1. Name the residue that is modelled with the highest pLDDT, counting only residues in the range 65-78 that are of a type in the set (Phe, Trp, Tyr) and over 20 Å from Met33 (Cβ atoms).
2. For the range 34-54, give me the residue count where each residue is surrounded by 15 or more Cβ atoms within 10 Å (Cβ to Cβ) and either touching a residue at least 60 places away in the same chain (Cβ under 8 Å) or closer than 24 Å to Leu101 by Cα (or both).
3. Would you be able to say whether some residue in the range 25-37 is at pLDDT 95 or above and touching a Ser or Thr at 6+ places or on another chain (Cβ under 8 Å)?
4. Among what's in the range 73-89 and is within 24 Å of Arg99 (Cβ to Cβ) and not acidic (Asp, Glu), pick the residue that is surrounded by the fewest Cβ atoms within 10 Å (Cβ to Cβ).
5. Kindly evaluate Asp67 against the criterion of being acidic (Asp, Glu), touching a Phe, Trp or Tyr at 6+ places or on another chain (Cβ under 7 Å) and outside the structural domain of Ala19 (by TED's automatic domain parsing).
6. Within the range 28-46, which residues are assigned to a loop (DSSP other than H, G, I, E, B) and more than 20 Å from Glu18 (Cβ to Cβ)?
7. Show the residue pairs that are 6+ apart or on different chains and have beta-carbon atoms under 6 Å apart, the first residue being within the range 79-103 and within 28 Å of Met33 (Cβ to Cβ), the second being not small (Gly, Ala, Ser).
Amino acid sequence: MLFPQRRIAGRPWEAIHEANPQEILERREPVTMVPLLIMQGALDYNVLPAAQEKFAATYKAAGGQVDFHVFADSVHEWVAEPGPQTDRAREMVKAFIARNLKAGSRAA
């Protein structure tokens, strides 16, 4: 999703709400909807899974395409560690990029 540039210098607290992607969608501001891939750790305490799930649902409801995946037993930076979940995530990213590049070339 591409958001218009916001002037936030000197007023960070107002900008938190003004530039919040969830709130921008809820306000139905005009934005460019691009395909999104959201990969969420189920044990993430920094970005809560419920917040990401809500954003994915709001994005879809606004007409966007979003692939949302929750990775069980994974924390915030789980992809930094080698393992099957990281391997699975890398394959998902590759497939997402390939699919969207292919879709983009058909649209051109």
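The values are calculated or read from the model by the stated rules, or taken from the named source; none is laboratory data. Computed from a prediction, not measured in an experiment: that's the story for all the values here. Neighbour counts are summed over all protein chains in view; Cβ atoms, including those assigned to glycine, are modelled from backbone coordinates with ideal geometry.
1. The qualifying residue modelled with the highest pLDDT is Phe71.
2. Here the count works out to 6.
3. Scanning the range 25-37 turns up at least one residue that is at pLDDT 95 or above and touching a Ser or Thr at 6+ places or on another chain (Cβ under 8 Å).
4. Filtering the range 73-89 for residues that are within 24 Å of Arg99 (Cβ to Cβ) and not acidic (Asp, Glu), the one surrounded by the fewest Cβ atoms within 10 Å (Cβ to Cβ) comes out as Pro84.
5. So Asp67 passes the test.
6. Filtering the range 28-46 for residues assigned to a loop (DSSP other than H, G, I, E, B) gives 28-31, 33-35, 42-46.
Within the range 28-46, Val34, Pro35, Ala42, Leu43, Asp44, Tyr45, Asn46 qualify.
7. Val79/Thr86; Ala89/Met39; Ala89/Val79; Phe96/Leu37; Asn100/Pro35
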